[in-house]
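**Q** Okay, here's the structure, questions in a sec.
The values are calculated or read from the model by the stated rules, or taken from the named source; none is laboratory data. These numbers come from a predicted model, not from an experiment. FYI the Cβ positions are ideal-geometry reconstructions off the backbone, even for glycines, and counts take in every protein chain you see. Note: areas computed on protein heavy atoms with side chains; ligands, DNA, RNA excluded. Shrake-Rupley method; radii C 1.70, N 1.55, O 1.52, S 1.80 Å.
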Amino acid sequence: VQIYGRVLSATKEGSLTIDDDSLQGGLGVRWKPLSQYNLVLSAERLVRIGDFARNDWMLRAGYSHDHNSDNQDNKSPWWSWNLYLDAALINPANPDIFLTMQATGGLNMRLSNGLILQPRLTSHLNWQKDRFHTTSLIEAGPGLNIRFYFDDTKYEAYRSHIDLTVEYRLKLSGTSSGGSGWVASFKAQF
């Protein structure tokens, strides 16, 4: 069981500047009921900070599963894949519903000790129903991820890594106003 807090924000259109009106806070509790599976259930109180944020309750369930997605010292190259499912319900009395699925797979190649390059394919499905509209998006496409592992010792494997990912996602279907395009992400895990 975890107790957590977070603050989220959007950026201003065409900029990386934080949009103060979108600032959304949250305080919640997370529970992982099954030790063998990565199923996480949570209840969160959304706390309005910006003018376009909300005070409400959010119930959420997330599940993920992967195969060979961590460093494989004894293999190169090696195949890996991961699956992520997420469902959120905001305002249970008059619900806004958000459903997401993402699957990624690729061939991992060791460039040097701790440095892995992965050409990959990603598929992403998104469906949302809120008080404004109902929208969906199905997209897929190729990408490239480079991961650098660090923070190991003589007696412990890598405990941290950073990822840089660039993908081109092709819109296959859906009512979302977004179209095909580039997606880039940077992640640090400690």
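**Q** How about segment 81-162: which trypsin sites (Lys or Arg not before Pro) there lie in a loop by DSSP and see at most 16 other Cβ atoms within 10 Å?
**A** Passing both the DSSP loop test and the Cβ count: ARG131, LYS154, ARG159.
**Q** First select every other residue whose beta carbon is under 11 angstrom from the beta carbon of ASN108; then total the charges, Lys and Arg +1, Asp and Glu -1.
**A** +3
**Q** If you don't mind, another one. So with the 1.4 Å probe, I'd like the accessible area per residue for segment 19-175, rounded to whole Å².
**A** 60
**Q** Which of the following values of Rg/Rh (Cα atoms, Kirkwood Rh) was calculated from the structure shown: [x] 0.96; [y] 0.99; [z] 1.11?
**A** [y]
**Q** Oh, and also: DSSP loop chymotrypsin sites (Phe, Trp or Tyr not before Pro) in segment 72-146 with at most 11 other Cβ atoms within 10 Å of their Cβ, which ones?
**A** The qualifying sites are PHE132.
**Q** Along the charge dipole of the chain, pointing to its positive end and built from +1/-1 on Cβ of Lys, Arg, Asp and Glu, which listed residue (LEU117, ILE49, LEU39) has its Cα farthest out?
**A** Checked the options; the winner is LEU39.
**Q** Among the lysines, which fall within straight-line cross-link reach of LYS129, defined as a Cα-Cα distance under 22 Å, with same-chain neighbours fewer than 8 residues apart omitted?
**A** LYS171
**Q** Leaving out ligands, DNA and RNA, and with a 1.4 Å probe, what % of the accessible surface on segment 118-185 is carbon or sulfur?
**A** 62
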